[in-house]
Amino acid sequence: MDRRSFLKTLAAALAVGNARVVAVEFDPFPPAPRLGKPLSPVGERSRFEAHVQRYISPNLPSRHTGAAFAPISELDGIIHPNGLHFERDHAGVPEIDPKKWRLVIHGLVERPLIFDLETLMRMPTESRIYFIECAGNGQNGYREPPEPTLTATRSRGLVSGAEWTGVPLRILLEEAGLKPEARWVLAEGADASAWVRSIPIDKALADVLVAFRQNGEALRPENGYPVRLVVPGWEGSIQVKWLRRLLVADQPAMSRGETSEYTDVRPDGTVDAFTWVMEPQSIITRPSGGQRIAPGFHEIRGLAWSGFGKIRAVEVSTDGGKTWQEARLSEPVLDRALTRFTLPWRWEGQETVILSRAVDEAGNVQPTREEFFRRWARNNRYHYNGIQAWRIRADGRVENGDPPLAGGPVPPLRAGGCGGEVLDG
Ligand SMILES: Nc1nc2c(c(=O)[nH]1)N[C@H]1C(S)=C(S)[C@@H](COP(=O)(O)O)O[C@H]1N2
Ligand SMILES: [Mo]
């Protein structure tokens, strides 16, 4: 039988899920492919995936101080590839020669120490999967009225999950010997922003990592090469990148990053500093803003996380919040790591709103938008964790479904007055 006679147009009625008849034209015996691309020392993504990129707002006044959002609407699982981990810099990415890199530990210690990278890498290590989230994640939630074209990436993409390997900070501090007056560890980065953040001694001794591996390989320059702090569950800004100095002190630094930025305004105008722990979050990444869906079966997929521990449950509503169902959490569900949730769903083609709500093991519940603004001022900038709603239009287009707030727009605070930066224009 000649090969051509096998080439048929097959109408395959695929009785799976959507139960729609799909005409498939295929060759059951394709010719052997030509000799492919040769072996390569470093792998690259398929060129067909080139569009999956971090999102950088085109309206930023500078590309050196701002943020690049992880494309969470196009990723699955709980680990982000290193090249797509979100990025938040205050003065660009410094180039640090690992041979010249040093870490100084001094202040209220018995023995001031200087480490080079080789010495650090000889110490005992731990590898842990954690999320890192910028306190500015969710900043678009402060916008009033809500922007219809918001995507999942722009709503909550200033978070990423990775496996970090490093030396527990406790080991380095014990090596230096803490004096009894030691209360804070002031961590300084080597970038031009002179980034300094103060970590209370209890946290520093509990679970902070001095990390030099990100998903097994050296950190990416954007994420702190060669060494950064990983401070589990706490806001990203305290996880100092390009780490070069740890000053043990009896007081916090009250640096730029803990006064003019990364402080939170209450509705009565008072300001909270040191709001470190990230509150529970969740977001449906699929279907989500900017996507278009067809009627039939869809697995709703999303991410949840909390700085207080493991995610206990994620509830999903497909009818605008009238009823809620418990989503399935994909194993592993880890302490202060991204957690993946899924829910099977059939969309019949009518307009609706879908929502997700995270509950963590400490019992914290992700608030609605309205509840969030009872706790924090409308002109605050940080720690937004309101429930994100997605409206599915009858034609399948997915849009921001966040409810507008009573009272209308509020002018934002300006930088210098607890305002900080706008990360998405
Ligand atoms: N030295 C230094 N460390 C820094 C920053 C910085 O600008 N300089 N930005 C901080 C902020 S605000 C965040 S959210 C995280 C972001 O980490 P990532 O870029 O690896 O995602 O790094 C923090 N560490
Ligand atoms: Mo941040």
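Computed from the coordinates by the stated procedures, all read-outs in this text should not be read as laboratory data. Computed from a predicted structure; not experimentally measured. A quick note on method: Cβ atoms are made from the backbone with ideal geometry, for glycine too, and the neighbour counts reach across all protein chains shown.
Between the alpha-carbon centers of the stretch 283-326 and the stretch 116-147, tell me the distance in whole angstrom.
Here the answer is 23 Å between Cα centres.
Please order S260, S62, S288 by the number of other Cβ within 10 Å, starting at the fewest.
Fewest to most other Cβ atoms nearby, the residues stand as S62, S260, S288.
State the extension gain, in nm to one decimal, for the chain segment bounded by V333 and E49, taking 0.36 nm per residue of separation less the distance between their alpha-carbons.
The span from V333 to E49 would gain 99.4 nm if fully extended.
Quick one: order D191, D250, D202, D424 by neighbouring beta-carbon count within 10 Å, fewest to most.
With the sparsest Cβ surroundings first, the list reads D202, D250, D191, D424.
Report the calculated FRET efficiency for S260 and A362 (r = Cβ-Cβ distance, R0 = 30 Å), to the nearest 0.05.
0.50
Which order results if K203, K37 are arranged by neighbouring Cβ count within 10 Å, fewest first?
Ordered from fewest to most neighbouring Cβ atoms within 10 Å, K203, K37 come out as K37, K203.
Can you give the FRET efficiency to the nearest 0.05 for L113 and W324, using r as the Cβ-Cβ distance and R₀ = 45 Å?
That gives a FRET efficiency of 0.30.
Treating only the Cβ of Lys, Arg, Asp and Glu as charged (+1, +1, -1, -1), what charge dipole size does the stretch 87-272 show about its Cα centre? Round to the nearest 20 debye.
340 debye
Calculate how many DSSP beta bridges within the chain are antiparallel, expressed in % of all such bridges and rounded to the nearest 5.
95 percent
Dipole of the chain, Cα-centred, from +1 at each Lys and Arg C-beta and -1 at each Asp and Glu C-beta, to the nearest 20 debye?
820 debye
Using 0.36 nm per residue, how much length does the chain from E299 to H106 gain when fully extended, once their Cα-Cα distance is taken away?
64.2 nm
Place +1 on the Cβ of every Lys and Arg and -1 on the Cβ of every Asp and Glu in the chain, take the dipole about the Cα centre, and give the residue among L209, L173, P30 whose Cα lies farthest towards its positive end.
P30
Pull up the cross-link candidates among the lysines for K241, meaning alpha carbon to alpha carbon under 20 Å and not fewer than 8 places away within one chain.
Candidates past the 8-residue exclusion: K99, K100, K203.
Give the separation of the Cα centroids, the stretch 201-244 to the stretch 332-359, in Å.
So the separation of the two Cα centres works out to 29 Å.
How high is the relative contact order of the chain, in percent, with contacts defined as C-alpha pairs under 8 Å that are six or more residues apart?
Reported as a whole number, the value is 17 percent.
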